[in-house]
Amino acid sequence: MLEVPDSASAAAGAERVVRGACPHDCPDTCALRITVKDGIAIKVQGAAEHVTTHGALCTKVARYPERTYHAERVLHPLRRVGPKGEGRFERISWEDALAEIAQRLSAIAARDPQAIVPYSYAGTMGLVQGESIAARFFNRLGASLLDRTICASAGAEALGATLGAKVGMHTRFFAEAKLILIWGSNSIASNLHFWTFAQQAKRAGARLVCIDPRRTETADKCHEHLQLRPGSDGALALGVMQQLIVNDWLDHDYIARHVEQGPRGWDALREEALRWPPERVAEATGLAVEQIVRLAFDYGTTRPAAIRLNYGMQRVAGGGNAVRLIATLPALVGAWRERGGGMLLSSSGWFQPDKAALQRPELLAGRRPRTINMSTIGDDLLRETSPEFGPRIEALLVYNSNPVAVAPESPKVVQGFGREDLFTVVLEHFLTDTADHADIVLPATTQLEHLDIHTSYGHTDVLLNEPAIAPLGEALPNTEIFRRLAARMGFGEPCFADSDEQLARQAFGDCIDFEALRATGWVSLPIADAPFADGGFPTPDGRVRIDAPGHGLPRVVPNHESRESTPVLAARYPLAMISPPARNFLNSSFVNVRSLRDIEREPIVEIHPDDAAARGLQNGSTVRVFNDRGSYLCRAELSTRARPGVVNGLGIWWRKLGLEGTNVNEVTHQRLTDLGRAPCFYDVLVEVASA
Ligand SMILES: Nc1nc2c(c(=O)[nH]1)N[C@H]1C(S)=C(S)[C@@H](COP(=O)(O)OP(=O)(O)OC[C@H]3O[C@@H](n4cnc5c(=O)[nH]c(N)nc54)[C@H](O)[C@@H]3O)O[C@H]1N2
Ligand SMILES: Nc1nc2c(c(=O)[nH]1)N[C@H]1C(S)=C(S)[C@@H](COP(=O)(O)OP(=O)(O)OC[C@H]3O[C@@H](n4cnc5c(=O)[nH]c(N)nc54)[C@H](O)[C@@H]3O)O[C@H]1N2
Ligand SMILES: [Mo]
């Protein structure tokens, strides 16, 4: 069932190049070329012929061999011997590991399978090593379902409510725009291959505007940086609309034909926008009136105008509504008419993988298990059995995720994972903070060692990842681990015997030519250059929706924690905090790769020199960042990268590799966004003090 690469048969000393795909949670989904010699991957490069990859990789993935052959890879099953969290394990056989897991899960399932919870996210974005056999396993078991909200669901739901799906411009045509708004995205750090096209546009005379509370490396390279207050994007979008209306920079023809009309449509939004003159918007956003007027002028008068929206701006209470407002803008000025205009938040909705074929919901056999939101795992692990909640969580199976480091409000997450009565299994490459809390750790293969098929949320190509090397040690692909577990549990359905290649073929069935995919490594979806030039949005009536059912009109929603919404709290914790990623890490992945950690050195918080002076903080000093939920230590970097009143705690460090076994999620909370039930990582108040 396990595909073994043909490396073994290659002549000694000969080099072979294998086609791969970057598995990481990033919009770029690069096409890889892996050079293998004597069964060892010696080099990972970007495919030169792939349009968006164009032969370049980020620093992190160029180090993929260093991560794969890392001395600390987990290479055989482990059983915990010390207290939870301490990370002491003994080696056990696969036989013993599977027997123990099957016995524990069977006992719990006999009472109520919903007490078993899967926990997974995008450690790999692959359709095969993600939710295929794993989903079949949990469906057959009748385990709780998992609401996978931790990153993008506010924006995703908002885009669905407005454009009908996660669709937008082609990344490559940003090169033809004359104005690009880079909105809530640090492209150079987290969407590098888009940045190449933005630079092409810049060289051809385009104006680049960055809208971000942090002065990022991307902001440094734009013509203008609008350093707004976190969570004020909805107000800014309404301010732009107000100016478009009063100056009549609207495309009336496009609006009449392709935007929802009537009292619950454009008329209603128009009325609301007129309540947001520049002075009011300046107050809400912290920007100058002239900046707002200039932004609207540029947007209303430049063709083509493109918006690269990204998920950084939707990690706040009103993130969903802000995305709805911004996603309406391109239609108002008719930006979609040209292929270099419009917007892109995510392209993933262009792909239609056959999820039912991969996940087999029919294995639920009529059962309707409860759903656990991954973003409130801290609270949920601490809940007792109740009629509303259902059974107390008794077992967790974690794969493709490191929740102890990445989930909000880690004091509660750690307490939950520390429960002695919780049975936890973690499939991992490394002993992460989460694996340290496992009863059993199972060694998983990396992207170089297994087969997978990938979609993207930045471009529109399907990519194949062929295994380049044999699995290291006793590591197995996630699929094979769940296959063996299913067999142990006595699940005899034939679908559990599907091989990884069969799964990869099922992902798109006849909709793509698998042999063509094999031959080149990718196939492009047939999508028009300017897909909405004449409307045709994937909404029920083909128009941009204003008043989406269940959501009402889009509006400004205040942050959960701010001067205005929680003045008493703000008096004690006056600094707003955002925690975007450090450039050389990928969420919490790569933190343990020495060469990358050496670049980042230690966890830092950027603080404006005025805020630092008010607290007597020196550049480079160790400080404590805290609020009522928790506290963590880091190094203060006095910098105008931070807006006055806002601190930037760069993430996401492994707790145990940080300064005192904690990280930035000590201070985040579990309240959710307006749409999509997502976390509000960038909607937090803290105080900073010398440690
Ligand atoms: N190097 C690197 N690349 C990555 C990742 C990584 O960890 N490291 N993570 C990957 C993943 S999982 C994702 S989801 C994407 C994330 O990439 P993005 O979608 O770009 O999101 P973030 O990096 O969270 O935030 C982007 C920018 O939004 C800004 N921001 C914060 N709050 C606000 C706000 O209220 N309004 C506005 N306008 N801007 C705000 C932040 O300061 C940051 O510079 O990147 C992927 N790529
Ligand atoms: N404070 C704060 N917190 C955040 C964010 C933030 O900006 N600020 N960002 C949030 C965002 S956008 C996201 S997407 C989440 C990310 O959260 P996660 O999806 O948990 O991402 P990672 O931290 O990269 O952890 C992924 C883990 O999967 C493992 N893995 C990779 N491939 C495989 C495989 O094939 N098999 C198995 N079994 N394991 C594998 C890796 O070794 C790694 O430990 O974090 C969120 N947390
Ligand atoms: Mo993410």
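If I filter the range 569-587 down to residues being assigned to a loop (DSSP other than H, G, I, E, B) and either open to solvent by 10 Å² or more (accessible area, probe 1.4 Å) or out of contact with any Gly (no Cβ under 9 Å at 6 or more places or on another chain) (or both), which single residue comes out as farthest from ligand 2 (Cβ to nearest atom)? First the steps, then the outcome.
Here is the first cut: in the range 569-587, the ones assigned to a loop (DSSP other than H, G, I, E, B) are 573-574, 579-580, 582-585, 587.
Now narrow it down to the ones that are either open to solvent by 10 Å² or more (accessible area, probe 1.4 Å) or out of contact with any Gly (no Cβ under 9 Å at 6 or more places or on another chain) (or both): 573-574, 579-580, 583-584, 587.
On the way: 573: 16, 574: 20, 579: 4, 580: 5, 583: 13, 584: 13, 587: 3 Å.
Out of the qualifying residues, it is 574.
How many of the residues in the range 269-292 are surrounded by fewer than 18 Cβ atoms within 10 Å (Cβ to Cβ) and more than 32 Å from the chain's Cα centre (by Cα)?
Qualifying residue count, the range 269-292: 9.
Could you pull out the residue among 305, 296 that is farther than 24 Å from residue 527 by Cα, in contact (Cβ under 8 Å) with a residue 40 or more places away in the chain and touching a Leu at 6+ places or on another chain (Cβ under 7 Å)?
Values: 305 fails: farther than 24 Å from residue 527 by Cα.
The unique qualifying residue is 296.
In the set 177, 198, 161, 189, which member is outside the structural domain of residue 410 (by TED's automatic domain parsing), buried (at least 19 other Cβ atoms within 10 Å of the Cβ), among the hydrophobic types (A, V, I, L, M, F, W, C) and within 16 Å of ligand 2 (Cβ to nearest atom)? Don't jump to the end; show me each part of the working.
Values: 177 fails: within 16 Å of ligand 2 (Cβ to nearest atom); 198 fails: within 16 Å of ligand 2 (Cβ to nearest atom); 161 fails: within 16 Å of ligand 2 (Cβ to nearest atom).
Every option except 189 fails the conditions.
Working carefully through the options 61, 74, find the one that is open to solvent by less than 40 Å² (accessible area, probe 1.4 Å) and more than 23 Å from the chain's Cα centre (by Cα).
So the residue among 61, 74 that is open to solvent by less than 40 Å² (accessible area, probe 1.4 Å) and more than 23 Å from the chain's Cα centre (by Cα) is 74.
Would you check which residues across the range 116-137 are away from ligand 1 (no atom under 16 Å from the Cβ) and either open to solvent by 10 Å² or more (accessible area, probe 1.4 Å) or among the charged types (D, E, K, R) (or both) and list them?
Of everything in the range 116-137, those that are away from ligand 1 (no atom under 16 Å from the Cβ) and either open to solvent by 10 Å² or more (accessible area, probe 1.4 Å) or among the charged types (D, E, K, R) (or both) turn out to be 127, 131, 135, 136.
Regarding the range 420-443, can at least one residue be identified that is in contact with a Pro (Cβ under 6 Å, 6 or more places away or on another chain) and within 16 Å of ligand 3 (Cβ to nearest atom)? Walk me through it before giving the result.
We begin by selecting, within the range 420-443, every residue in contact with a Pro (Cβ under 6 Å, 6 or more places away or on another chain); these are 434, 442.
So of that shortlist, the ones also within 16 Å of ligand 3 (Cβ to nearest atom) come out as none.
The answer is no, given that none of the residues of the range 420-443 is in contact with a Pro (Cβ under 6 Å, 6 or more places away or on another chain) and within 16 Å of ligand 3 (Cβ to nearest atom).
Out of the helices (runs of 4 or more DSSP H) lying entirely within the range 250-336, which hold 3 or more residues that are within 13 Å of ligand 1 (Cβ to nearest atom) and at pLDDT 95 or above?
Numbers: elements: 252-258, 266-273, 278-285, 289-301, 319-332.
The helices (runs of 4 or more DSSP H) meeting that bar are 319-332.
Can you tell me which residue in the range 680-691 is nearest to ligand 2 (Cβ to nearest atom), limited to those that are assigned to a loop (DSSP other than H, G, I, E, B) and modelled with pLDDT of 95 or more? Give the steps one after another, and end with the answer.
Residues of the range 680-691 that are assigned to a loop (DSSP other than H, G, I, E, B), as a first pass: 680-683, 691.
Now drop any that are not modelled with pLDDT of 95 or more, which leaves 680-683.
Details: 680: 10, 681: 4, 682: 7, 683: 11 Å.
So, considering only residues that are assigned to a loop (DSSP other than H, G, I, E, B) and modelled with pLDDT of 95 or more, the one nearest to ligand 2 (Cβ to nearest atom) is 681.
Among the strands (runs of 3 or more DSSP E) contained in the range 596-654, which hold 3 or more residues that are open to solvent by less than 30 Å² (accessible area, probe 1.4 Å)?
Of the strands (runs of 3 or more DSSP E) lying wholly inside the range 596-654, those with at least 3 residues that are open to solvent by less than 30 Å² (accessible area, probe 1.4 Å) span 604-607, 631-638, 646-649.
What residue, among those in the range 655-665 that are part of a loop (DSSP other than H, G, I, E, B) and touching a residue at least 40 places away in the same chain (Cβ under 8 Å), is nearest to ligand 1 (Cβ to nearest atom)?
Filtering the range 655-665 for residues part of a loop (DSSP other than H, G, I, E, B) gives 658-663.
Applying the additional criterion that residues be touching a residue at least 40 places away in the same chain (Cβ under 8 Å) yields 658-659, 662-663.
Numbers: 658: 16, 659: 20, 662: 19, 663: 13 Å.
Here the residue is 663.
Quick check: anything in the range 530-539 outside the structural domain of residue 643 (by TED's automatic domain parsing), at pLDDT below 95, more than 16 Å from ligand 3 (Cβ to nearest atom) and not aliphatic (A, V, I, L, M)? Spell out how you get there, then give the answer.
Filtering the range 530-539 for residues outside the structural domain of residue 643 (by TED's automatic domain parsing) gives 530-539.
Now narrow it down to the ones that are at pLDDT below 95: none.
No, every residue in the range 530-539 fails to be outside the structural domain of residue 643 (by TED's automatic domain parsing), at pLDDT below 95, more than 16 Å from ligand 3 (Cβ to nearest atom) and not aliphatic (A, V, I, L, M).
Here are the criteria: (1) within 21 Å of residue 234 (Cα to Cα); (2) within 16 Å of ligand 3 (Cβ to nearest atom). Tell me which single one residue 576 does not satisfy.
(2)
What pairs come out if I take residues in the range 23-51 that are within 16 Å of ligand 3 (Cβ to nearest atom) and pair them with residues that are in a strand (DSSP E or B) and open to solvent by 10 Å² or more (accessible area, probe 1.4 Å) whose C-beta lies under 8 Å away, six or more apart or interchain?
24/586; 24/589; 25/586; 26/586; 29/461
Starting from the range 246-258, keep only residues that are free of Cβ contacts under 8 Å to residues at least 12 places away in the same chain, then list their pairs with residues that are surrounded by 18 or more Cβ atoms within 10 Å (Cβ to Cβ) whose Cβ atoms are within a distance under 7 Å, requiring at least 6 positions of separation or different chains.
Between residues of the range 246-258 that are free of Cβ contacts under 8 Å to residues at least 12 places away in the same chain and residues that are surrounded by 18 or more Cβ atoms within 10 Å (Cβ to Cβ), there is no close pair.
Please go through the range 13-31 and pick out each residue that is on the phi > 0 side of the Ramachandran plot and within 16 Å of ligand 2 (Cβ to nearest atom). Please lay out each step first, then the result.
Going through the range 13-31, the residues on the phi > 0 side of the Ramachandran plot turn out to be 13, 29.
29, the sole residue that qualifies.
With the structure loaded, tell me whether residue 230 is in contact with a helix residue (DSSP H, G or I) (Cβ under 9 Å, 6 or more places away or on another chain), open to solvent by 10 Å² or more (accessible area, probe 1.4 Å) and not charged (D, E, K, R) or whether it fails that test.
Values: in contact with a helix residue (DSSP H, G or I) (Cβ under 9 Å, 6 or more places away or on another chain): yes; open to solvent by 10 Å² or more (accessible area, probe 1.4 Å): yes; not charged (D, E, K, R): yes.
For residue 230, the condition - in contact with a helix residue (DSSP H, G or I) (Cβ under 9 Å, 6 or more places away or on another chain), open to solvent by 10 Å² or more (accessible area, probe 1.4 Å) and not charged (D, E, K, R) - is met.
Is it true that residue 241 is within 16 Å of ligand 3 (Cβ to nearest atom) and either in the same structural domain as residue 341 (by TED's automatic domain parsing) or closer than 16 Å to residue 343 by Cα (or both)? Working first, answer last.
Values: within 16 Å of ligand 3 (Cβ to nearest atom): no; either in the same structural domain as residue 341 (by TED's automatic domain parsing) or closer than 16 Å to residue 343 by Cα (or both): yes.
It is false that residue 241 is within 16 Å of ligand 3 (Cβ to nearest atom) and either in the same structural domain as residue 341 (by TED's automatic domain parsing) or closer than 16 Å to residue 343 by Cα (or both).
Looking at 591, 557, which one is part of a loop (DSSP other than H, G, I, E, B), among the hydrophobic types (A, V, I, L, M, F, W, C) and under 25 Å from residue 636 (Cβ atoms)? Please lay out each step first, then the result.
Values: 557 fails: under 25 Å from residue 636 (Cβ atoms).
Checking each option against the conditions leaves just 591.
Just to be sure before I move on: is residue 677 part of a strand (DSSP E or B) and surrounded by fewer than 22 Cβ atoms within 10 Å (Cβ to Cβ) in the structure I sent? Before you say what the answer is, go through the steps one by one.
Working: part of a strand (DSSP E or B): no; surrounded by fewer than 22 Cβ atoms within 10 Å (Cβ to Cβ): yes.
Answer is no for this residue.
Would you mind telling me which numbered condition in (1) touching a helix residue (DSSP H, G or I) at 6+ places or on another chain (Cβ under 8 Å); (2) more than 16 Å from ligand 1 (Cβ to nearest atom) residue 40 fails?
(1)
Can you go through 205, 130 and tell me which one is within 16 Å of ligand 2 (Cβ to nearest atom) and not aliphatic (A, V, I, L, M)? Please lay out each step first, then the result.
On the way: 205 fails: within 16 Å of ligand 2 (Cβ to nearest atom).
Among 205, 130, only 130 is within 16 Å of ligand 2 (Cβ to nearest atom) and not aliphatic (A, V, I, L, M).
Which ranges mark the strands (runs of 3 or more DSSP E) fully within the range 419-481 that have 3 or more residues being closer than 19 Å to residue 393 by Cβ? Walk me through how you get there before you give the answer.
Working: elements: 423-428, 440-443, 452-454, 461-465.
Passing ranges, in order: 423-428.
Looking at the range 390-417, I want the residues that are over 23 Å from residue 478 (Cβ atoms) and have a partner that is part of a loop (DSSP other than H, G, I, E, B) and β-branched (Val, Ile, Thr) with Cβ atoms under 7 Å, at least 6 apart or on another chain. Which pairs are those?
391/385; 392/385; 408/668; 409/668
Of all residues being closer than 17 Å to residue 144 by Cβ and not in a loop (DSSP other than H, G, I, E, B) in the range 390-412, which is nearest to the chain's Cα centre (by Cα)? Just the residue, please.
That would be 403.
The values are calculated or read from the model by the stated rules, or taken from the named source; none is laboratory data. Here the structure is a predicted model, which is why all the values come from computation and not from measurement. In this analysis, Cβ positions are derived from the backbone assuming ideal geometry, glycine residues included, and neighbour counts consider all displayed protein chains. Ligands, DNA and RNA are stripped out before the accessible areas are found, and what is left, the full protein with its side chains, is counted by its heavy atoms. Shrake-Rupley method; radii C 1.70, N 1.55, O 1.52, S 1.80 Å.
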